[in-house]
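Since the structure comes first, as structure tokens, the remarks are kept for the end.
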Amino acid sequence: MGGMETPTFEGILDAADRLTHALPTTPSWSYPLLDARAGRRVVVKHENVQPTGAFKVRGGLTLLATLPREARRAGLVTVSTGNHAQSIAFAARASGVAATIVMPADAPAFKAAAVEGLGATVVLHGCCMNEAAAHAREIAAREGRYFVDPGNEAAIVHGHGTVYLELLRQHPEIDTVYVPIGSGSGAAGAVLVRDALTPGTRIVGVQAAGAPAAHRSWTSGRIETAGADTFAAGLATGTGFETAQRILRGGLDDFLLVTDEQLREAVHAMAVDAHTLCEGAGAAGLAGILAEPDRDGVSAFACTGGNAGPSELSGLTRVALAA
């Protein structure tokens, strides 16, 4: 495992060069109704148009491109609630590498099916991410395979950081970027890009109040664990990750916790105002924007994923009917 390497801005630039031939730059623009709802201009970056429906494919492709040959030959094992799983499965298939993904037993069935459709083996184990992660490590140790730590791989931070490299190059006028935090890899990449390109831009993390492990880790300065009770699977991580936290501790300007109700309202707002289907984690940045109605300037967030499952779609309907 190459997890404790420190991510760098130069690593993000290298990842961007590697991804140029694999993934096109995703669009980013504003919507009048969303601006009116937020009370300021909002720039949306559409990572929901990636081939796996989420930004994490950038991390998987970057990791596979930089792994040593012996690790590729041994095969990969990782743990995920969905989008990281699809990222590793997609990249492993493209590289001809075997991959096993351990998911909590209650992971969305459609996400497990999507991973299997990409050619990876899915193992359902445990009641939460912490139990699934322990089982994944056991499999990797027993079978001599490479364990991909979702939050502690510098290559994944580098790949995820390319989202914000594109965003801040396209829109240097952005005052505040709101970044959803599960493992924190995307937010860590955003901090590194901000520090190099637009030092005056605020980076604000957003996490589900029902899954506050990363927030507690950031607040206390040490790695914390916590329960994960949220419909937003992409935010349902049960622990902080040291590689990301080392960057976030000194790099985030603020860190917000939002309720599931706020996340559902943001999902609904994206559907109505921006004609875009977001999963809960994908709308977390907007939930953060709407939680700070008095903020001035230009705000931005990435719709990090559009893989909404049945429960999220039914919740979207309930919010729409209530509205």
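Each reported figure results from applying straightforward, stated rules to the coordinates on display, with no laboratory input. Just so it is clear, the structure is predicted and the values come from calculations on it, not from any experiment. Every residue, glycine among them, receives a Cβ derived from its backbone with ideal geometry; neighbour counts consider all protein chains shown.
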Separation of segment 49-78 and segment 159-180 by C-alpha centroid, Å? 22
Using only the alpha carbons of segment 21-103, determine the length spanned along each of the three principal axes and report them from longest to shortest in whole angstroms. 52, 30, 16
Whole-number value, in Å³ per residue, for the convex hull of the alpha carbons of the chain is 111
Defining a contact as two alpha carbons under 8 Å apart and six or more residues distant in sequence, what relative contact order in percent does the chain show? 22
Report the extension gain between Ala196 and Phe110 in nm, rounded to one decimal, defined as 0.36 nm multiplied by the number of residues separating them, less their alpha carbon distance. 27.1 nm
I want to verify a result. In a Gaussian network model of the chain, Cα cutoff 10 Å, which of these has the top mean-square fluctuation: Thr62, Thr237, Thr26? Thr26
Quick one: Debye curve from the alpha-carbon atoms of segment 96-213 only, equal weights, vacuum; give me log10 I(q)/I(0) at q = 0.09, 0.12, 0.17, 0.20 Å⁻¹ to two decimals. -0.34, -0.57, -0.96, -1.11
What do you get for GluC sites (Glu not before Pro) in segment 113-188 restricted to DSSP loop and a cutoff of at most 13 other Cβ within 10 Å of the site's Cβ? Glu173
Listed residues Ala141, Gly282, Ala226: farthest to the positive end of the dipole of the chain (Cβ charges): Ala141
Treating only the Cβ of Lys, Arg, Asp and Glu as charged (+1, +1, -1, -1), what charge dipole size does the chain show about its Cα centre? Round to the nearest 20 debye. 560
Based on Cα coordinates alone, diagonalise the gyration tensor for segment 168-292, multiply each eigenvalue by 5, take square roots, and list the semi-axes in whole Å, largest first. 21, 20, 10
Averaging sequence separations of C-alpha pairs under 8 Å and six or more residues apart, then dividing by the length of segment 129-222, give the relative contact order as a whole percent. 24
Taking just the alpha carbons, could you work out the radius of gyration and Dmax for segment 57-148, both in angstroms? 11.9, 34
Distance histogram in 10 Å bins (all Cα pairs of segment 159-214, percent per bin): 26, 53, 19, 2
Extension reserve of the Leu124-Asp35 stretch, reckoned as 0.36 nm per residue once the Cα distance is removed: 27.9 nm
The simple spin-label model distance between Ser95 and Thr8, using points 7 Å out along Cα→Cβ, in nm, is 2.1
Want the number for Val49 to Thr225: 0.36 nm per residue separation, take away the alpha-carbon distance, what's left? 60.1 nm
Measure nothing but the geometry: give the 0 to 90° angle between the long axis through the Cα atoms of 83-95 and the longest principal axis through the Cα atoms of the chain, rounded to 10°. 50
DSSP beta bridges in the chain: the antiparallel percent, rounded to 5, is 10
